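The values are calculated or read from the model by the stated rules, or taken from the named source; none is laboratory data. Please read all numbers here as calculations on a predicted model, not as lab measurements. Virtual Cβ from ideal backbone geometry, glycine too; neighbours counted across all protein chains shown.
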């Protein structure tokens, strides 16, 4: 019998994975990395580990600056976060794939907690072969994939991207419209990939046995029933969850009717796929 359950949260982007991380990292039976999104397997498959290293080093520098100005408990917390980045860099910079180093990283510091995990939405884009390999990393391995109304998910993703450049509300609104228009022209490959549910769901169902995968919906996520189902799936105690807590909420911007109509037309196959797979569209999904 395995002494630990390995949990993967593989997406979708802007479908509640940050809230899931927030809840699980506070659960007394779950051990997660403090910074979320390890991006290990996509970095390996896309040969962009050094880009991930650069991003982590920038984050480390920011934390170091804050640490130098902090005191007491805040300073200790920031020091721990820096040390965790250093520990992860030791795995990412090995120059070759090392499942044992990855698993050792996840296990370190778990203090007997029965669940360790890696919540990285980008894993939804991985190949079927990679998902099978991940499932075989540990005797008990579970996958959670969250879906959200495709149009709402797209616009939330765009609003998040628009906020990265900062500026005024008008600046972000203009940037969001510009990103959307680029998406309609096929100029936003990464955004387009994250709009696809049929590919990830097909690969996941082919790679992972039914008992080891949980497919949930953002619209139902923030409820006691949904939390109980997730806890039961993972094999942990059902506890009170911060159902009203907002985590990484995207800036509010206007989605004009004309652009929404275009999105509805482009994303119609995703609604059709989900309806076929589950027998009906989830509550509060609106393809019109």
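Hey, any hits in the stretch 162-169 for a residue that's touching a helix residue (DSSP H, G or I) at 6+ places or on another chain (Cβ under 8 Å), assigned to a strand (DSSP E or B) and more than 16 Å from residue 12 (Cβ to Cβ)? No - not one qualifying residue is present in the stretch 162-169.
Scanning the stretch 28-52 for residues that are touching a helix residue (DSSP H, G or I) at 6+ places or on another chain (Cβ under 6 Å) and farther than 30 Å from residue 235 by Cβ yields 49, 52.
Across the stretch 106-113, a minimum of one residue is classified as under 27 Å from residue 227 (Cβ atoms) and either without any contact (Cβ under 8 Å) to a residue 40 or more places away in the chain or in contact with a helix residue (DSSP H, G or I) (Cβ under 6 Å, 6 or more places away or on another chain) (or both).
Of everything in the stretch 19-44 that's over 23 Å from residue 83 (Cβ atoms) and surrounded by fewer than 19 Cβ atoms within 10 Å (Cβ to Cβ), which residue is nearest to the chain's Cα centre (by Cα)? Write out each step before concluding.
Of the stretch 19-44, the ones over 23 Å from residue 83 (Cβ atoms) are 19-20, 23, 29, 41-42, 44.
Of the ones still in play, those that are also surrounded by fewer than 19 Cβ atoms within 10 Å (Cβ to Cβ) are 29, 44.
Working: 29: 20, 44: 17 Å.
Within the stretch 19-44, the match that is nearest to the chain's Cα centre (by Cα) is 44.
Residue count for the stretch 123-136, restricted to those that are within 18 Å of residue 216 (Cβ to Cβ) and either modelled with pLDDT under 95 or surrounded by fewer than 22 Cβ atoms within 10 Å (Cβ to Cβ) (or both): 0.
Looking only at residues that are touching a helix residue (DSSP H, G or I) at 6+ places or on another chain (Cβ under 6 Å) and more than 24 Å from residue 185 (Cα to Cα) in the stretch 232-250, which one is surrounded by the most Cβ atoms within 10 Å (Cβ to Cβ)?
The qualifying residue surrounded by the most Cβ atoms within 10 Å (Cβ to Cβ) is 241.
For the stretch 45-59, the set of residues classified as without any contact (Cβ under 8 Å) to a residue 60 or more places away in the chain and surrounded by fewer than 17 Cβ atoms within 10 Å (Cβ to Cβ) consists of 46, 47, 48, 50, 51, 53, 54, 55, 57, 58, 59, listed by residue number.
Just the residues that are in contact with a helix residue (DSSP H, G or I) (Cβ under 9 Å, 6 or more places away or on another chain) and either over 27 Å from residue 288 (Cβ atoms) or surrounded by fewer than 17 Cβ atoms within 10 Å (Cβ to Cβ) (or both), please, taken from the stretch 137-161. Before you say what the answer is, go through the steps one by one.
So in the stretch 137-161, the residues in contact with a helix residue (DSSP H, G or I) (Cβ under 9 Å, 6 or more places away or on another chain) come out as 137-138, 140-155, 157-159, 161.
Listed by number, the residues that qualify are 137, 138, 140, 141, 142, 143, 144.
The residues on offer are 106, 92, and the sole one that is crowded, with 16+ Cβ neighbours inside 10 Å and modelled with pLDDT under 95 is 92.
Consider the stretch 182-216 and keep the residues that are touching a residue at least 12 places away in the same chain (Cβ under 8 Å) and within 17 Å of residue 261 (Cα to Cα). The one that is surrounded by the most Cβ atoms within 10 Å (Cβ to Cβ) is 183.
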